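Input: a single structure, listed below in structure tokens.
Any read-out appearing in this document is the output of simple, stated calculations on the displayed coordinates, not a laboratory observation. It should be emphasised that the depicted structure is a prediction, and the values quoted were computed from it without experimental measurement. FYI the Cβ positions are ideal-geometry reconstructions off the backbone, even for glycines, and counts take in every protein chain you see.
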Amino acid sequence: MFSLLVIIKSLRGANKNIMILGLTGGFGCGKSSVLKFFKTAGWQTSNTDDICAELYEQQDIELMSQLRDRWQDKVFYSDGKVNKTAIAKIVFNDDKELQCLCSMLYPLIAKKTKALIEQNREKDFIIEVPLLFEAEWDKIFDKTVAVWTDNKTQTERLLAKGFSINDIKNRNSKQLPNDEKLKKADFGLMNNGNLKFLQKQCNKLIKSIKE
């Protein structure tokens, strides 16, 4: 967290008009859609889940070493690639293991985010962080945004995507409830309606925070 805080403070010093937002929300609440709407509006965007996937896919040397030290061959396929399903089974059933994985990933995510920010120091930036409040990353952003969905709608969406009820329960148990994220955030977006309604809220929010 601290390396990213230094990066953002440096950027703030270079251009005080830049706005840097942290976006969060529950599993399946529509964070990716919000990110797309901000990108369409001209914002620079980043998604920590995508950065994690990139680290796994590119077999980042530092991360691979830490994964092997912690879980040996249990989280690797025979060809040496990371078995993300195996990792998920471990961390979503053990809070300590989840914390351990986060301690491996967060510094690397900060480095990747730094590179993205420095590509264009003149653009407003929004970063999607699913565990933003849980990881206490909210302290490093100008403002935070939570996208909210009621539990019934959230579950229906995830079931339609192929997740089981157990998967949904396990993942939700590792995060703050949707209502709690909404209370903690500076701004909230409701996503029980259609995408046009969500985009309308995003456009209104973008306009209001830049005034």
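Length gain on complete extension for the stretch Q72 to L195, per 0.36 nm per residue less the alpha carbon to alpha carbon distance?
Taking 0.36 nm per residue and subtracting the Cα distance, the gain is 40.0 nm.
Just tell me, in residue order, which DSSP H segments of the chain are both 20 angstrom or longer along the helix axis (alpha-carbon based) and at least 1.6 in mean Kyte-Doolittle hydropathy.
Helices meeting the span and hydropathy rule in the chain: none at all.
What translational diffusion coefficient, in µm²/s and rounded to a whole number, does the Stokes-Einstein relation yield for the chain at 25 °C and a viscosity of 0.890 mPa s, taking the hydrodynamic radius as the Kirkwood radius over Cα pairs?
135
Distance in nm between label sites at K184 and K152, each 7 Å beyond Cα in the beta-carbon direction?
2.7
Please list the three semi-axes, largest first and in whole Å, of the ellipsoid equivalent to the stretch 42-101, using sqrt of 5 times the eigenvalues of its alpha carbon gyration tensor.
22, 15, 10
Computed from the mean reciprocal separation of all distinct C-alpha pairs, what Kirkwood hydrodynamic radius does the stretch 162-211 have, in Å?
This gives a value of 13.1 Å.
Considering the alpha-carbon set of the stretch 107-211 alone, what are its Rg and its Dmax in angstrom?
Cα-based Rg and Dmax for the stretch 107-211 come out at 15.6, 44 Å.
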